[in-house]
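First the structure, in the form of C-alpha cells, and then the observations on it.
The numbers here are math on the coordinates, done by the rules we state, and not lab data. Predicted model, so just to flag it, every value in this text is computed and none were measured. Every residue, glycine among them, receives a Cβ derived from its backbone with ideal geometry; neighbour counts consider all protein chains shown.
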Amino acid sequence: MRSKLFWPFAAALLLAVGAVAAKDNAAIAAQEKAVVAAKDEAADSAEDEVTVTAEDETAVRGEVWVVDLDGAVGPASADLVIRAIEDAGEANAEALVIRMDTPGGLDKSMRDLVKAILAADVPVVTYVSPDGARAASAGTYIAYASHIAAMAPATNIGSSTPVSIAPAGPSPDPRPPRPAPEPDGSGEKAEGQEPEPAAEPAADAMTKKVVNDAVAYLQSLAEKRGRNIEWAEKTVRDGANVRATEAVERNIVDLLAPNLAALLADLDGREVGIDDEVRVLATANAELHFVETDWRHEVLSIITDPSIAYGLLIIGVYGLILEFYNPGMLFPAATGIICLLLGAYGLQMLPINYAGLALIVIGLGMLIAEAVTPTYGVFGVGGVIAFVLGSVMLMDTELPGYQLPLPIIAGFAVSVGGIAFFVIGSAVRARRSRVVTGQESMVGADALVLDDFESEGSVRAFGEIWRAKSDAPLTKDEQVRIKAVNGLVLRVESATDEEEK
C-alpha cells in the first residue's frame, strides 16, 4: 500500500511547488518593473547618479540617499527602508529621501519604520511621488513621523482609519433593564436617581480603543513635527483624505515639488532638528545615491507573501508525509524541513490568526491519521473541513495584499482531500478483496486426488502434496475443493458435489 501512496503524494507535492513558483515569479516580475520605473524617473530628474546597495557605507557628505517605498508596507519593505536609514546615518549622508506610493500596510511594520525614523541620525524626507501616488493609511503615519514631508502634484494623503475595524451592529445588552426611578410626588425624579447609561457593546468598545490609540499615536507625531493635529484626528476617525495642494495649505506636509530635482532645491537651506541639534541641509548640488533591493529584501518579499508562506508550510508537510511512507528517499524530508522552516518564519512576521493556524495543523494531523489508520472517511472528511476553515481564518487582517486567495486555498484543499480519499478508497478495496496469504487464502482452492481413498489420502494443491480427509470416497484424478485447513491436513470435498449443492 505504501508504494501505491507514493505517486499521489508526489503529484500533490509537484502541484503545490508549481503553484508557489508561479506566485513567486509574478512577485519578482512586479518588483523588477517597479525598480525600472524608479530608475527612469531618477534619470529625468538628475544627471549625476551613483547606484548603491542598502549595505554600502562609502557615501560622503553632500550625498542624498533615495529609497523607494512602493506598495503595501510589510516586513520586507520596512526592513529595506530601516536598513537604508541606518546605513545613510553611518555614511553621514546629507539626507535620506523616501519616495513613497503606498495604499497602507501592516501596523507592526509601520510602527517599526516610524520608530526608525524618529531615532534616525540623518534627516528623513518623505516624498509622495510620482504624480498620481498616494500616502494612504500607514503612509500618513510615516509622512507625519518624517522630519520633512513633501508631495508631488496630483497626489493625496490620508484615510488613516485602521482597516481591521468594521462597522458592527448593535448587540443586545444581556443584563435585564432596571425599573424606572419612582417620582418623589412632585412630578420630578427623586434626588440622586439618574438613569443608568446603556451598556456599551463589546465590539464598539474595542473599536473605540483601536481608534483612540491610532488618534493619539498620529497626534503625538504631529506634535513632535509641528504639523496639523486637528486633521490628524479627523483622518483617523473619519478617514479624511486631502490632495497635495490642500495638504501644504493646512500644514499637513511641508512642500509641494514636481520632481526630485525640485525637491532637493527646495530642501536646500532648511533647518532640521536631529537629537537636539539643528542641521542646515545643503542639498542643491548633492549627489544622488539610490538604494536598490538586495538579496535579503528579495527573500523577505517572497517568504512574507501570505500565499508563499502558506504554500511553503503545506509543501513542507507533504514532503514529510512522503518521507514517512517511503523511508530512505531523503529528498522529500530535506525539502519538507526547509519549506516548513521558511513557511513558519514567513508566517511569524505576518498578522496571523493562531486559531486558524491550529485548525490547519489539526486538519493535516487528521489526514495523516486517516492515512496511517484508516477510519473510512471520518478523519479524512474532518481533516479537509478543518484545513479549509483554518486557511480561510489564517490571516488576521483586512488588507487586500495580505489575504489568502480562495483559488490557492481551493487548490491545496483539493490536493489534500484527494490524497485522503485515495487512502480511504485503498483501504475499502483492501478490506473487500480476497485474502491472498496465509491459511485463509487456501480455503476454496482446488486440489487433485492422487490415489483412490475413502476417508483419508493424498492430494496435490499449490504444487505440493498434502494429506487430505474427506467425508465421501474419492477417486484418482478427481477434482476436489478445500473446505478447511487443520494444520498440515486439508479438509476436502468433491467439486462436483459442491456444484450440485
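Could you sort the peptides 294-304, 329-339 by per-residue average Cβ neighbour count (10 Å cutoff), highest mean leading?
Most protected by this proxy first, the peptides run 294-304, 329-339.
Can you list residues whose amide H is under 5 Å from LEU256's amide H, if they're 5+ apart or on another chain and H is modeled 1.01 Å from N?
MET151
Calculate how many DSSP beta bridges within region 439-500 are antiparallel, expressed in % of all such bridges and rounded to the nearest 5. Let's see the in-between values first.
Working: 18 of 21 bridges.
Of all bridge pairs located within region 439-500, approximately 85 percent are antiparallel.
Defining a contact as two alpha carbons under 8 Å apart and six or more residues distant in sequence, what relative contact order in percent does region 439-500 show? Could you put the intermediate results ahead of the total?
Values: 134 pairs, mean separation 19.8, N = 62.
The value is 32 percent.
So what J values fall out for region 97-102 if you push phi through Karplus, 6.51 cos²θ - 1.76 cosθ + 1.60 with θ = phi - 60°, rounded to Hz, Gly and Pro as x?
My calculation for region 97-102 gives 9, 9, 7, 10, 8, 9 Hz in order.
Tell me, what is a quarter of the convex hull surface for the C-alpha atoms of region 439-500, in nm² with one decimal?
Details: hull surface 14.6 nm².
Mean orientational projected area (region 439-500, Cα hull): 3.7 nm².
How large is the charge dipole for region 439-500, taken about the Cα centre, if only the Cβ atoms of Lys, Arg (+1) and Asp, Glu (-1) carry charge, to the nearest 20 debye?
Numbers: 7 positive and 15 negative charges, 69 e Å.
Approximately 340 debye in magnitude.
Which ordering of VAL381, VAL67 is given by a fewest-first count of other beta-carbon atoms within 10 Å?
Values: VAL381 17, VAL67 26.
So the residues, fewest neighbours to most, are VAL381, VAL67.
Output the peptides 258-271, 135-148 sorted from most to least packed, where packing is the average of other Cβ atoms within 10 Å over each peptide's residues.
Details: 258-271: 17.8, 135-148: 27.1.
By packing density, highest mean first, the sequence is 135-148, 258-271.
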